[in-house]
1. Filter region 27-66 down to the residues that are over 15 Å from the mean Cα position of the chain (by Cα) and among the charged types (D, E, K, R), then identify the one that is modelled with the lowest pLDDT.
2. Let me confirm something: among 121, 149, which residue is in contact with a Pro (Cβ under 9 Å, 6 or more places away or on another chain) and either more than 17 Å from residue 253 (Cβ to Cβ) or hydrophobic (A, V, I, L, M, F, W, C) (or both)?
3. How about region 86-105: which of its residues are hydrophobic (A, V, I, L, M, F, W, C), more than 19 Å from residue 20 (Cα to Cα) and modelled with pLDDT under 90?
4. Report, ordered by the first and then the second residue, all pairs with beta carbons closer than 7 Å, sequence separation of six or more or different chains, a first member in region 221-237 that is within 19 Å of residue 129 (Cβ to Cβ) and in contact (Cβ under 8 Å) with a residue 60 or more places away in the chain, and a second member that is surrounded by 24 or more Cβ atoms within 10 Å (Cβ to Cβ) and acidic (Asp, Glu).
5. Tell me which residues, restricted to region 146-155, are in contact with a strand residue (DSSP E or B) (Cβ under 6 Å, 6 or more places away or on another chain) and surrounded by fewer than 21 Cβ atoms within 10 Å (Cβ to Cβ).
Amino acid sequence: MNSTPRENSAPRRAIVLSFARLPLRLLGCYGSSLSQTPHLDRLAARGAVFHQYFADELDDSSPTLAWWTGGSTGDDSLAGRLRAAGVFTTLLSDDVESAAIPAAGFEQLIPVELASSGEVSLGPLLEVARTTIERLDADSSRWLLWIHSRELAELPLPPLEFLELYLDELIRDDAPPVSDEEPIPDLSQSQREEALARVAASIERLSSETTELDADDWQVLGVLAAACLSALDRAVGELLRELDRCFPGEEILFVLTARQGMSLGEEFAAGRLD
């Protein structure tokens, strides 16, 4: 995608990717050094990053949510105004119940039913998005695709390959400091098993509404969130590569947003992993 705007022109294609929650303090573009999110960081480097956000409504089933109105108040919808300007609007959602009310403003609603596996499931949703983009570009000269994901509404279990990126965070708290020049050694099998046992124990406590979480549990929550972000990042990267392949050198307005952030401190409620 070309991020340099041409004079007196506007992109004729736009994509919005929205999540239920995103822990901003774990994203590299917001200053984190923990999470590995190269594709989200690349997207941020090529565009604008917003550090302040205000909304008087956080329920995405409400037609007054600023996402759907394009402003703080008003009876009109963002999709309706775009349609009046000749832009074909499509809402692709894996949470159709929440999207049912605002979907009335979109010309096309594409529901995607995903099995509730308790794991990160953005990849299958973006697979549908890729085929939808091909059809939109063949049928419409100007279009907006809103990809509405329920990801991280509840913290899912990350795939093991991403969780293993962060297991050392659960082991090396008391390890002696390592110089910048010295490579960090890989975890031994016993350390890996110890870290995975800590994760399993915390998940069991997180599933109980009556258990009070301790410092270890909060640390595991941060690791789980970082691993989930890395899994989301890979899926977003695959979509960005597909857009670059399909529209080389062309401008596409790409917006990534979340309905709200995610607290990973003492306010973070138990039961996220049910």
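1. If we take residues in region 27-66 being over 15 Å from the mean Cα position of the chain (by Cα) and among the charged types (D, E, K, R), then 56 is modelled with the lowest pLDDT.
2. 121
3. Selection gives 104 alone.
4. Between residues of region 221-237 that are within 19 Å of residue 129 (Cβ to Cβ) and in contact (Cβ under 8 Å) with a residue 60 or more places away in the chain and residues that are surrounded by 24 or more Cβ atoms within 10 Å (Cβ to Cβ) and acidic (Asp, Glu), the close pairs are 232/151.
5. Result: 153, single match.
Conditions tested, residue by residue: (1) part of a helix (DSSP H, G or I); (2) at pLDDT below 65; (3) on the phi < 0 side of the Ramachandran plot.
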| position | (1), (2), (3) |
| --- | --- |
| 183 | no, yes, yes |
| 190 | yes, no, yes |
| 199 | yes, no, yes |
| 211 | no, no, yes |
| 229 | yes, no, yes |
| 240 | yes, no, yes |
| 248 | no, no, yes |
| 264 | no, yes, yes |
| 273 | no, yes, yes |
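The values are calculated or read from the model by the stated rules, or taken from the named source; none is laboratory data. Everything numeric in this text was worked out from a predicted model, so none of it was measured. Virtual Cβ from ideal backbone geometry, glycine too; neighbours counted across all protein chains shown.
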